[in-house]
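Worksheet: one structure, shown below.
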Amino acid sequence: MALGLLLGACSQPASRSPETWTLALQGNGVRGVLVEATFDPAALRYVGAEGPYAAEAFAEAGKVRAAAVAPNAPSGPILALTFEVLRPGARPEVRVVETYPEGQTVRQTWGRGTLQSQTLVLPESVVQGIDQAEADPSFVRNPLGDLNGSGAVSLADGVLLADILAGNLTSPTPYQRYHGDLNSSGTLTGQDLALLLRKIVNPGLEPNLELAPQDFTLSPGASAYLLLNNSGNGTLPTVSCTHPQGIALTDETPQGAAGKAYRLQAQSNTLEGSIQCQAGAAGTRTARVHAPYPSFTLDLAAPSTSTTPGGTATLGFSLTPVNGFTGTVSLSLLDAPSGVSLQSPSTVNLSGPFSGTLTLSVGSGVSPGTYTLRLRAESGSNSQEKPFALVVQESPGFDFYLDQNALTLPVERTANLQAFFSTYGGFSGSVSLGLTDTNGNPTPLTLSPASATLPASSPVALTVQVGSAPAGVYNLQVRATGGSLSRSQPLSVTLYDFTVSASDIAITQGASDTVNITLNRTHFSGPVSLSLSGTILGNGSNQVTYAFAENPTTNGNVALVLNVGPNVPPGNYTLTLQATGGGLARSQAFTLTVNAAPKALQPTLLGRTGNTYSVGVNLVGTTDAYRAALFSVTLPAGFSLSAGTGALTSGCTLDFVQVSTSPNQWNVALVCNSSFTGPGQLAVLTVTGTGGGTLSVGNVALTKPDYTEDTSVSGGSLTLTP
């Protein structure tokens with residue numbers, strides 16, 4: 001957002017409004033400029049100044065001082081001064097006082113109208129000023145706004161503050177944040193940048209008292225610094241400050257400093273309130289003082305403790321002084337049942353952080369159970385209470401729980417879990433561990449280890465062994481038995497599995513068909529990845545290609561499309577289907593039977609580049625020998641054709657000619673010096689055209705080595721996609 005000082009223009013009684021002209025200043029890489037413009041008030045009336053980020057101006061009769069800064073060099077003018085032209089031909093005289101970087105050339109453009117809008121650079125964040133821990137008396141040596149510590153407020157300070165506001169400088173120092181807060185708001189904003197630029201353009205700017213930080217928290221004996229300075233340019237009048245009871249204020253201003261620095265010292269009787277500082281016409285500023293009351297906090301090391309009737313229970317506790325507290329703290333039990341009392345300690349002399357152990361006495365007549373008690377810590381008007389549970393346990397024994405009560409895993413695998421044991425009444429010894437169903441009967445699943453020694457200092461690691469158990473849901477009990485005691489925890493184990501199956505299939509040479517793959521899932525719905533292997537698989541005309549309709553799949557059925565090449569030899573081929581998912585791997589072999597195709601010339605798409613198609617013409621369904629071939633090719637209208645020999649007819653002579661344009665028909669002839677034997681590729685056609693359509697091969701005549709013709713060979717067709 002552009003900031004600027006706009007001075008109103010005097011009204012003119014003329015019927016013709018004066019024209020508006022703008023003086024634009026721009027330079028390569030210039031991020032700051034300070035100028036002085038002089039003009040004849042009878043010829044020009046100053047209207048205002050603007051810039052893409054921050055601009056300020058101070059106008060007097062016939063003179064304007066203006067400054068502008070930006071966190072990045074703008075694409076357009078960095079500063080524009082607007083005037084109303086009262087006398088045609090008049091223009092201001094401008095002197096560039098300072099640039100940032102120094103010594104840059106600034107171009108001046110004087111033109112009719114106002115400055116055309118350009119993209120504005122906005123501050124990205126509000127930056128916090130200093131707190132009491134960061135305040136330093138040395139900060140007031142320089143005038144407020146001197147961010148670079150040069151001893152004076154200059155254009156470079158404005159650019160530095162713009163960098164901080166725009167996020168170019170991500171970690172400004174406490175000194176920079178102090179000098180960047182020119183309005184005592186506790187934050188650095190665009191208002192502070194405007195005040196800084198006003199100090200630059202208006203040497204006579206009236207003094208104005210500023211104060212930082214604005215909040216203090218002072219415990220007895222604590223100290224901090226209060227910094228006073230001037231957001232104007234005049235001399236700051238004499239400063240006087242009032243403060244709350246219990247605060248000692250000491251002037252520790254460095255010699256020759258531009259501002260004032262006071263050391264605040266909190267006494268034992270410090271009261272909350274405000275420090276108010278006044279500097280005559282420069283105004284009054286106030287800082288808040290918070291003086292926390294001395295007290296202490298109480299914390300317990302655990303939420304509960306336990307014992308048996310006739311025993312003792314212990315519980316760790318801590319007392320922490322707050323705000324300089326010292327004194328004797330009394331301890332007592334609240335809500336204790338008959339027979340339960342605090343044995344020790346009853347008092348603590350607190351002069352610093354203290355940690356200790358409570359000892360509770362539990363009479364033999366106290367019934368087993370859980371009792372909610374409160375520990376009270378008291379000193380004068382200070383008191384703290386913390387609740388805790390006293391568990392009075394029965395005769396020696398143990399309990400345990402599992403870190404998880406449900407497991408899901410594939411068949412034939414193992415799973416891990418942990419058992420957390422607790423003992424009471426002095427129980428110790430070995431407990432046996434095992435798995436049963438909910439009625440206590442053995443299960444096909446087993447547990448290891450078979451025993452554990454108590455008390456255990458860490459969780460007991462358990463392994464569930466599935467063995468050969470089939471897929472299903474097993475509702476079990478983990479049982480721990482020691483002496484006459486038996487404890488159990490429920491455990492649900494879900495074993496999942498799947499199988500894959502595919503039926504045998506027969507496909508003719510050069511044809512395609514679909515195999516239905518069945519995934520029989522048991523308690524498993526996750527994705528399964530599929531693959532296929534076999535010696536006949538590949539991308540050649542004498543191989544089989546395949547594609548899964550969905551892979552991986554979460555369904556129970558998936559289509560597998562097999563494409564048999566025209567030159568695949570007839571016979572039976574074993575294909576193996578692999579399926580993996582959820583940590584399981586399954587496979588199924590099935591047979592692909594390739595049947596011989598009828599004797600024919602079949603076109604097959606070999607490839608495509610743009611509107612050019614490469615088509616193989618394959619002789620299939622025969623192993624007879626031939627010396628020559630003649631066939632016709634019918635193409636979509638507008639398509640052209642060229643032809644070459646194929647793998648079977650390499651070295652033969654080939655010719656082709658267009659015999660009709662409607663339909664678009666071509667004849668292809670092959671003559672060989674030696675015989676060739678199918679199946680295989682007879683010729684390769686290159687056809688070019690747009691719009692797609694059908695390519696047909698027909699009128700086939702093959703010549704045998706004895707020069708007799710075989711006209712029993714059929715043709716075929718191929719769709720050319722657009």
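Values in this text are rule-based calculations from the coordinates and carry no lab data. Since the structure is predicted, the reported quantities are computational estimates derived from the model, not experimental observations. Every residue, glycine among them, receives a Cβ derived from its backbone with ideal geometry; neighbour counts consider all protein chains shown.
Below, the figures for the structure above:
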| read-out | value |
| --- | --- |
| Computed over region 290-349: relative contact order in percent, which uses C-alpha pairs under 8 Å that are six or more apart | 32 |
| Qualifying GluC sites (Glu not before Pro) in region 374-477, DSSP loop, other Cβ atoms within 10 Å at most 16 | Glu394, Glu412 |
| Cα-based Rg and Dmax for region 600-720, where Dmax is the largest Cα-Cα distance (Å) | 13.6, 44 |
| For region 397-495, alpha-carbon Rg and Dmax in angstrom | 13.4, 43 |
| Mean shadow area of region 399-447 over all directions, Cα convex hull, nm² | 4.6 |
| Nearest 10 degrees, 0 to 90: helix 190-201 Cα axis against the chain principal axis | 60 |
| Rel. contact order, % - alpha carbon contacts under 8 angstrom, at least six apart, region 667-716 | 28 |
| The chain: relative contact order as a whole-number percent, Cα under 8 Å and 6+ apart | 6 |
| Alpha carbon convex hull of region 306-464, projected area averaged over orientations, nm² | 13.6 |
| FRET efficiency estimate (nearest 0.05) - Cβ-Cβ, Ala547 to Ser660, R0 35 angstrom | 0.35 |
| Alpha-carbon spread of the chain, three principal axes, descending order, Å | 129, 112, 43 |
| Acute angle (nearest 10 degrees) that the helix 155-166 long axis makes with the longest principal axis of the chain, alpha-carbon atoms | 50 |
| Rg/Rh (Cα only; Kirkwood hydrodynamic radius) as it applies to region 19-112 | 0.96 |
| Region 564-637 shape via C-alpha gyration tensor axes, a/c threshold 1.5 | oblate |
| Dmax and Rg, reported as Rg then Dmax, of region 248-328 (C-alpha, Å) | 23.9, 79 |
| Inverse of mean 1/r across different Cα pairs in region 503-595, Kirkwood, Å | 13.7 |
| Stretch gain in nm, segment Val97-Thr653, where the contour uses 0.36 nm per residue and the Cα spacing is subtracted | 191.1 nm |
| Phe354 versus Glu378: modelled label distance in nm, points set 7 Å from Cα along the beta carbon direction | 1.6 |
| Convex hull per residue volume in Å³, alpha carbons only, for region 127-290 | 95 |
| Between region 63-95 and region 431-449, the alpha-carbon center distance in angstrom | 91 |
| Residue-averaged [θ]222 nm for the chain, counting only DSSP H segments that reach four residues, each worth -39500 (n - 2.57) | -1500 deg cm²/dmol |
| Separation of alpha-carbon centers, region 357-382 and region 234-304, rounded to whole Å | 44 |
